[in-house]
Each structure stands twice: as C-alpha cells, then as structure tokens.
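Heads up, the thing below is written out as structure tokens.
The values are calculated or read from the model by the stated rules, or taken from the named source; none is laboratory data. Only a predicted model underlies this, so the values are computations on that prediction, with no experimental measurement involved. For neighbour counting, all protein chains shown are included, and Cβ atoms are generated from backbone atoms with ideal geometry for every residue, glycine included. Heavy atoms of the whole protein, side chains included, go into the accessibility calculation; ligands, DNA and RNA do not. Shrake-Rupley method; radii C 1.70, N 1.55, O 1.52, S 1.80 Å.
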Amino acid sequence: MGIVEQNFGEAFRSSFREFFGEEGESDWEIYDLISNEELIGNTWMTFTVRNPLAGRALVFRYDTTEQRFYAFLKVQVIPGEEDWNLDRLFQKRGYTELDSAEVMTESGEWLFHSLARHYFSIILSFCPRILEPDFVLD
C-alpha cells in the first residue's frame with residue numbers, strides 16, 4: 001500500500017474520531033477500500049461511514065487517476081440505492097461557500113485531512129443526524 005493510500009484512510013479515520021468519537025461508540029460501520037489497479041485500470045480510494053439501521057451511508061471517494069474527490073450520501077430505497085452529491089446538496093442548502101474543488105487547490109500535502117475536516121465539520125454543524133434512522137422500531 002502506497003503512502004497516498006495510507007494517508008487517505010488515516011486522515012478520514014482520525015477526522016471521524018475528532019468529530020464523532022471512537023468508532024465503537026456508535027453502531028455505524030466504518031471502512032475504507034482501495035481499488036486494484038491491475039484489475040480495473042485505474043485507482044480510487046473510498047472511506048465509508050454506514051448506518052445499517054438507517055439504510056444510509058456517507059461515502060468519500062478519491063479518484064487518483066483523475067485527481068478528483070467525490071462525497072456522496074447513499075440512501076437505500078426500494079428497489080436499489082440513490083446517490084446524493086454532498087457538494088451540490090450543501091451548496092443548494094446554503095451550508096457552505098467552499099466546496100471540495102477549492103479545498104483540493106488550497107490544502108497542499110494535507111489534502112485528505114483537509115477534505116475530511118471540511119465534510120465532517122459541515123455535517124456536524126448542519127446535518128448532525130444525517131445517518132440517523134427516520135424512525136425507531138421497538
């Protein structure tokens with residue numbers, strides 16, 4: 001695993017802990033994946049925070065081939081799944097003036113830490129219950 005891939009996962013995990021606490025304190029699933037360049041011809045990395053009870057996941061993806069970052073809210077619907085682009089969602093709601101493209105140009109060697117802090121701070125400030133279930137079953 002290269003230094004870039006290692007930094008990506010570590011940056012998002014440390015930022016998650018900073019904003020939400022230790023992983024074991026919530027019922028959320030947290031994991032990161034790295035593509036196999038030999039199999040698909042390009043590389044990407046994702047960091048996912050998923051609440052299986054709510055059917056929602058925050059997915060942060062960095063495409064190393066295109067040097068692009070994407071952040072999505074994945075919502076399970078019947079049948080399938082919807083992806084909501086977080087930059088567009090937050091801009092539409094007026095939550096932020098600074099999107100990931102600006103963060104990427106201004107962050108330098110702290111790229112992944114800057115992106116993680118950007119999204120987690122917005123989520124915590126304006127949508128702290130984004131992964132919570134809509135209702136609780138007894």
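Quick look at the numbers
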{"quantity": "Selection count where residues are open to solvent by 50 Å² or more (accessible area, probe 1.4 Å) and either of a type in the set (D, E, K, R) or under 17 Å from HIS118 (Cβ atoms) (or both), scope region 54-71", "calculated": "5"}
{"quantity": "Neighbours by Cβ (under 6 Å, 6+ apart or cross-chain): first from region 56-70, at pLDDT 90 or above and among the small types (Gly, Ala, Ser); second part of a strand (DSSP E or B) and open to solvent by 20 Å² or more (accessible area, probe 1.4 Å)", "calculated": "ALA57/ARG50; ALA57/LYS74"}
{"quantity": "Pairs, first farther than 21 Å from ASP63 by Cα in region 86-107, second open to solvent by 50 Å² or more (accessible area, probe 1.4 Å) and at pLDDT 85 or above, C-beta under 7 Å, six or more apart", "calculated": "TYR95/PHE126"}
{"quantity": "Pair list, Cβ under 7 Å, 6 or more apart: region 1-25 residue of a type in the set (A, V, I, L, M), other residue at pLDDT below 90 and in a loop (DSSP other than H, G, I, E, B)", "calculated": "VAL4/THR64"}
{"quantity": "Condition check for THR46: open to solvent by 70 Å² or more (accessible area, probe 1.4 Å) and β-branched (Val, Ile, Thr)", "calculated": "no"}
{"quantity": "Odd one out for ASP99, checked against (1) closer than 17 Å to ASN7 by Cβ; (2) at pLDDT below 90; (3) open to solvent by less than 50 Å² (accessible area, probe 1.4 Å)", "calculated": "(1)"}
{"quantity": "Answer residue from region 122-136, given it is open to solvent by less than 100 Å² (accessible area, probe 1.4 Å) and part of a helix (DSSP H, G or I) and is nearest to ARG17 (Cα to Cα) among those", "calculated": "LEU124"}
{"quantity": "Residues within region 23-47 that are modelled with pLDDT of 80 or more, out of contact with any Ser or Thr (no Cβ under 6 Å at 6 or more places or on another chain) and hydrophobic (A, V, I, L, M, F, W, C), tallied", "calculated": "5"}
{"quantity": "Qualifying residue in region 78-95 (condition: of a type in the set (Val, Ile, Thr) and either modelled with pLDDT of 85 or more or open to solvent by less than 90 Å² (accessible area, probe 1.4 Å) (or both))", "calculated": "no"}
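Yes/no matrix, rows are residues, columns are (1) under 11 Å from the mean Cα position of the chain (by Cα); (2) assigned to a strand (DSSP E or B):
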{"position": "ARG17", "(1), (2)": "no, no"}
{"position": "ASP27", "(1), (2)": "no, no"}
{"position": "ILE30", "(1), (2)": "yes, yes"}
{"position": "MET45", "(1), (2)": "yes, yes"}
{"position": "ARG50", "(1), (2)": "yes, yes"}
{"position": "GLU66", "(1), (2)": "no, no"}
{"position": "LEU89", "(1), (2)": "no, no"}
{"position": "THR105", "(1), (2)": "no, no"}
{"position": "PHE120", "(1), (2)": "yes, no"}
